[in-house]
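Each remark here refers to the structure printed beneath this line.
Since every read-out is calculated from the coordinates, none of them should be taken as a lab result. As the structure is a prediction and not an experimental result, all values here were calculated from the model. Reconstructed Cβ throughout: ideal geometry from the backbone, glycine too, with neighbour counts over all protein chains shown.
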């Protein structure tokens, strides 16, 4: 058995936590003995327990990549548990702890895409960042080519970086009666075309461009478009005010936080991603593909590695409501194209983006690291 400890600093369940849970569901338990280290009170704890994995709580490190006070806590845990592999998720303190504890295989996953500050890509800071990453991590996982580019721009050794595109568990199948009931509840008519986003209501997610696109289409005389904006966050009030200002309260719906998104995604014709910051590989897009939903997504981050333009959706420029409106209009006007894209979306999910496929690639990285460093 190979002993693996995952470390995550999140107290909520975001993209990194979702990827971790997906990995745990699919890991080969007869080969890997897995434990999870995370902060006290994390919302991930009940889900990890439900999957049958042991968790170890820390007092420090909550929602902080670097917490100086937590480093010694991590060192003590690793020396006590003696893992073969420590796999960290946005927990720099734990990376330091694994190094100081002498863990032989130290894997770090980079979950976000964001352009590094220019100063960090030039001498001497690029060399310093590269030295830190290359020393603390024996292997790095990036969830898209764009995250790999971020790492190498700051000096990380490309030979140490493996791109593993996120995978997701399929959303549950939803029956027609449940969809009919939900559409009735939301005020969606039979002949309405439904698009939507499922994401935190934060500026970088770009919800405002979807609202602007809806305004453009309304001005063109399109009256059968319904927009679902699922989630809560800092920009919620601003988005609702803009919706009212444009006279779109009859067509833009804010369901709020939804614990089970499956019926909402199933009710959509197309899922939208307007992100222009941080997101590397959208779990929402992948989950929607498991229900055969095509997408319209920006060219930011890893979107273009999930959505093949013209095949299972459209890729559009960032921050462009006009391009988004054009793409929505295309699919509203071409039901056959929409049907074809739906089939391709599901096929791509099954062939490339399941949780099992992703976890198999991670397991290979574990095996290779263990064979190279722990069997000597």
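Of all the Cα-Cα pairs you can form in region 41-106, what percent are over 16 Å apart? Within region 41-106, distances greater than 16 Å cover 47 percent of Cα pairs. Taken as Cα centroids, region 176-237 and region 132-147 sit 37 Å apart, rounded to the nearest whole angstrom. With contacts taken as Cα pairs under 8 Å and at least 6 residues apart, region 176-352 reaches a relative contact order of 22 percent. Build a GNM of the chain with springs between Cα atoms under 10 Å apart, and of 141, 315, 350 the one that fluctuates most is 350. Note on residue 68 and residue 82: the model spin-label points, each 7 Å out from Cα along the C-beta direction, lie 3.3 nm apart.
Given an 8 Å cut-off on Cα distances and at least 6 residues of separation, report the relative contact order of the chain as a percent.
15 percent
A simple spin-label model places pseudo-atoms 7 Å from Cα toward Cβ; at residue 29 and residue 336 they are separated by 5.0 nm.
For log10 I(q)/I(0) by the Debye sum over Cα atoms at q = 0.07, 0.09, 0.14 Å⁻¹, the value calculated from this model appears in (1) -0.34, -0.55, -1.18; (2) -0.39, -0.64, -1.24; (3) -0.52, -0.71, -1.14 under label (1).
Nearest 5 is fine: what % of DSSP beta bridges in the chain come out antiparallel, could you say?
Here the share of antiparallel DSSP bridges comes out near 5 percent.
Using the beta-carbon distance between residue 350 and residue 135 and R0 = 56 Å, what value does 1/(1 + (r/R0)^6) give for FRET efficiency, to the nearest 0.05? Rounded to the nearest 0.05, the efficiency is 0.90. Scaled to the globular estimate 2.2 N^0.38 Å, the Cα spread of region 1-129, given as radius of gyration, is 1.08.
Placing dummy labels 7 Å off each Cα toward the beta-carbon, the span from residue 192 to residue 241 is 2.6 nm.
Estimate the FRET efficiency between residue 159 and residue 59 by the formula 1/(1 + (r/R0)^6), using the beta-carbon distance for r and 30 Å for R0, to the nearest 0.05.
Calculated value: 0.25.
Using a/c under 1.5 as the rounded threshold, could you call region 176-352 rounded, prolate or oblate? The axes a ≥ b ≥ c are square roots of the C-alpha gyration tensor eigenvalues, and prolate needs a/b larger than b/c, oblate otherwise. Taking the square roots of the gyration eigenvalues as a ≥ b ≥ c, region 176-352 is rounded.
The fraction of all Cα pairs in region 256-327 landing in successive 5 Å bins from 0 to the largest distance is 3, 17, 29, 24, 19, 8, 1, given as whole percents. Spatial offset of region 26-104 relative to region 266-298 amounts to 30 Å, using the alpha carbon center of each.
Largest GNM mean-square fluctuation across 50, 284, 262, computed for the chain with C-alpha springs under 10 Å, falls on 50. Considering only 281, 359, 232, the mean-square fluctuation computed in a Gaussian network model of the chain, springs between alpha carbons under 10 angstrom, is largest for 232.
In a fully extended conformation the segment linking residue 172 and residue 357 would gain 64.7 nm over its present Cα-Cα distance, using 0.36 nm per residue.
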